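Below: the structure, in structure tokens.
The values are calculated or read from the model by the stated rules, or taken from the named source; none is laboratory data. Remember, it's a predicted structure, so these values are computed and weren't measured experimentally. Quick reminder, even Gly has a Cβ in these numbers, built from the backbone with ideal geometry, and neighbours come from all protein chains shown. The accessibility values were calculated without ligands, DNA or RNA, using every heavy atom of the protein model including side chains. Shrake-Rupley method; radii C 1.70, N 1.55, O 1.52, S 1.80 Å.
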Amino acid sequence: METETPVNFTYMGRSFDGTSYNDDSSAFSDCNSDRSGEFPTASSQNRRLLIACVSENSDDLIRQLVADLESCSIDEQKQAAMEIRLLAKNKSENRLKIAKAGAIKPLISLIASSDLQLQEYGVTAILNLSLCDENKELIALSGAIKPLVRALKSGTPTAKENAACALLRLSQIEENKIAIGRSGAIPLLVNLLEAGGIRGKKDASTALYSLCSVKENKIMAVQARIMKPLVELMADFGSNMVDKSAYVLSLLVTVAEARAALVEEGGIPVLVEIIEVGSQRQKEIAVAVLLQVCEDSVVYRTMVAREGAIPPLVALSQSGTNRAKQKAETLIELLRQPRSGNAAARASDVSV
């Protein structure tokens with residue numbers, strides 16, 4: 001499996017420039033648990049769950065709930081999946097207990113259910129169990145990837161969001177990234193990025209950022225027309241998605257197909273605008289992306305220069321962060337190079 005590590009900055013554990021932003025506000029959603037709210041339950045069931053959550057030993061209840069997952073009654077299955085989901089959400093130590101009790105395979109079976117609510121409960125329970133690092137490999141080996149992708153395609157809005165988060169968690173095992181990409185997840189995540197609610201967009205961008213460290217997945221994302229929603233979200237400063245979209249873009253532009261798609265979708269003027277009016281972090285990402293785009297193409301350098309990039313780059317080189325200053329100076333030098341003669345004749349320079 002071929003993976004690529006971009007340069008320029010650090011985010012979500014991936015090194016871009018050897019240091020991180022040290023910014024307390026995360027550019028991505030953390031996908032740490034579901035946001036579907038507490039499911040309605042009868043008062044006696046609430047009491048039982050509350051006791052289990054605060055008691056030192058919930059093993060008996062967990063064993064019973066795992067057995068109920070395979071009940072002939074859909075209502076009992078829903079109740080069991082709901083309680084497992086809550087136990088896994090509220091007590092981290094329960095996540096390993098639930099997995100060891102054999103819950104993962106029956107929960108995966110629920111994800112394939114035609115009952116959308118039952119499917120949602122199964123997805124959400126798997127998401128919460130996947131928060132335990134020890135469970136991720138078992139969940140993937142138990143066959144969760146394809147059912148999660150189906151939920152991402154046809155589930156409720158909450159199921160789609162939580163499926164995206166669960167796939168993100170599984171993708172943190174490097175070997176799973178190709179399997180998730182080949183399962184058809186990438187176009188569905190692009191759809192969620194484009195058409196989902198704000199929570200869905202955040203979850204999709206996070207999952208895509210993780211998956212697109214693999215070149216094969218980058219190509220699939222470009223083929224799924226990811227560049228259109230990325231550029232649109234970067235252009236909308238009120239979307240709270242500028243950083244997220246730019247980070248995903250920074251991974252994609254290491255491949256030529258993505259650079260061509262970025263230009264085709266009008267991304268260059270958007271990136272120049274970010275350098276003009278964006279936050280310090282946004283400016284830093286944007287200049288790094290433009291430098292990657294311009295490095296091997298005189299054609300793209302010409303387009304960037306014609307968008308009026310040099311004045312805001314000069315300003316950034318004087319007042320930006322140390323990394324931004326360095327990237328801006330390098331890009332200014334590139335843009336000011338002659339665009340005719342032998343240099344322009346080189347095939348590597350005129351490729352688009």
Checklist outcome for this item: Between SER109 and ASN90, the two model label points (7 Å from Cα along the beta-carbon direction) sit apart by a distance in nm of 2.7
Next on the checklist: Rounded, prolate or oblate, given the Cα gyration tensor of segment 73-202, with a/c below 1.5 counting as rounded?
Outcome noted: oblate
Item to check | Members of LYS177/LYS215; LYS105/LYS215; LYS160/LYS202; LYS100/LYS177; LYS202/LYS325 lying beyond 21 Å, as alpha-carbon distances in this model show | outcome: LYS105/LYS215; LYS100/LYS177; LYS202/LYS325
Checklist outcome for this item: Among the Cα-Cα pairs of segment 271-336, the proportion with separation greater than 20 Å, in percent, is 13
Checklist outcome for this item: Phi angles of segment 156-169, converted by Karplus (6.51 cos²θ - 1.76 cosθ + 1.60, θ = phi - 60°) into ³J(HN,Hα) in whole Hz with x for Gly and Pro, give 5, x, 5, 4, 5, 4, 6, 5, 4, 5, 5, 5, 4, 4
Checklist entry - At a Förster distance of 22 Å, what's the computed FRET efficiency of LYS215 paired with GLU264, Cβ-Cβ distance as r, to 0.05? => result 0.65
Checklist entry - For the pair ILE310 and ALA195, how long in nm is the line joining their label points, each one 7 Å along Cα→Cβ? => result 4.5
Checklist outcome for this item: Other residues with Cβ under 11 Å from the Cβ of PRO312 give, with Lys and Arg +1 and Asp and Glu -1, a net charge of -2
Next on the checklist: How are the alpha carbon pair distances in segment 202-249 distributed across 10 Å bins from zero to the largest one, expressed in percent?
Outcome noted: 28, 58, 13, 0
Item to check | HN-Hα J in Hz across segment 173-178 - Karplus 6.51, -1.76, 1.60, θ = phi - 60°, x for Gly and Pro | outcome: 8, 3, 5, 7, 5, 5
Checklist entry - What ³J(HN,Hα) values, in whole Hz, does the Karplus curve 6.51 cos²θ - 1.76 cosθ + 1.60 give for segment 275-288 when θ = phi - 60°, with x put for Gly and Pro? => result 5, 6, 10, x, 6, 4, 5, 4, 4, 5, 5, 4, 5, 5
Checklist entry - For segment 164-222, what is the accessible area per residue in Å², given a 1.4 Å probe and the full set of protein chains? => result 28
Next on the checklist: I want the local charge near ALA328. Using Cβ-Cβ distances under 13 Å, sum +1 for each Lys or Arg and -1 for each Asp or Glu among the other residues.
Outcome noted: +1
Next on the checklist: Taking 0.36 nm per residue of sequence separation and subtracting the Cα-Cα distance, how much length would be gained by fully extending the chain between GLU70 and VAL299, in nm to one decimal?
Outcome noted: 76.3 nm
